[in-house]
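K.L.:
Can you keep this structure in mind? I'll have questions shortly.
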Amino acid sequence: MSFSFVFSSLIRNFADKKVEMGRKMIFLALAAILVCSASWFMSCSDEDVLLTAIKLNKSTLTLTVGQTETLTATITPKDATDQAFTWSTSDAAVAAVDDNGKVTAIAIGTATISATANNGSGVKGVCAVTVTTTSSSSSTP
């Protein structure tokens, strides 16, 4: 039930009882204060908790062509209102990444895999990926 509905119902009931003018004015003033206070309180809902950092489980990763590895992202703070982020690659011809952070080595070269916050803040976590033809795969946390 909206405050305006309650407010108008109370005014009609008061008017129907033919209450003297002074009391009506006091009642209207108090009702207006109540409605304004309620509107203010409702507009003062909890503030959004902004995502301030995204950290990947690895800062560097070396893969051979065809090899895969899944990166994980940790957001800060854990209670951020909008926790959504998007995975991307700087060079899809070298390394691809899917929506779950699974990196696939495509060709020899380097690429940067990023997890970027969707809230427009520019907050991101990155991992430098090197793709080689040798089987010396390694990573650095």
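The values are calculated or read from the model by the stated rules, or taken from the named source; none is laboratory data. Please read all numbers here as calculations on a predicted model, not as lab measurements. All Cβ positions, glycine included, derive from the backbone under ideal geometry; neighbour counts span all protein chains shown. In case anyone asks, the SASA skips ligands and DNA or RNA and just uses the protein heavy atoms, side chains included. Shrake-Rupley method; radii C 1.70, N 1.55, O 1.52, S 1.80 Å.
K.L.:
Go through region 98-111 residue by residue and tally those that are part of a strand (DSSP E or B) and either open to solvent by less than 60 Å² (accessible area, probe 1.4 Å) or out of contact with any Asp or Glu (no Cβ under 9 Å at 6 or more places or on another chain) (or both).
P.N.:
Residues meeting the conditions: 5.
K.L.:
If you scan region 112-125, which residues turn out to be at negative phi and surrounded by fewer than 16 Cβ atoms within 10 Å (Cβ to Cβ)?
P.N.:
Matches in region 112-125: Thr112, Asn118, Ser121.
K.L.:
Residues in region 86-97: is at least one assigned to a loop (DSSP other than H, G, I, E, B) and among the hydroxyl-bearing types (Ser, Thr, Tyr)?
P.N.:
Yes, that holds for at least one residue.
K.L.:
Can you tell me which residues in region 63-81 are within 13 Å of Ala117 (Cβ to Cβ) and either in contact (Cβ under 8 Å) with a residue 60 or more places away in the chain or open to solvent by 40 Å² or more (accessible area, probe 1.4 Å) (or both)? Let's see the steps before the verdict.
P.N.:
Of all residues in region 63-81, those within 13 Å of Ala117 (Cβ to Cβ) come to 73-77, 80-81.
Matches in region 63-81: Thr74, Thr76, Thr81.
K.L.:
Residue under question is Ala84, and the condition is that it be modelled with pLDDT under 90, of a type in the set (A, V, I, L, M) and open to solvent by less than 60 Å² (accessible area, probe 1.4 Å); does it hold?
P.N.:
Considered against the rule, which asks whether it is modelled with pLDDT under 90, of a type in the set (A, V, I, L, M) and open to solvent by less than 60 Å² (accessible area, probe 1.4 Å), Ala84 comes out as no.
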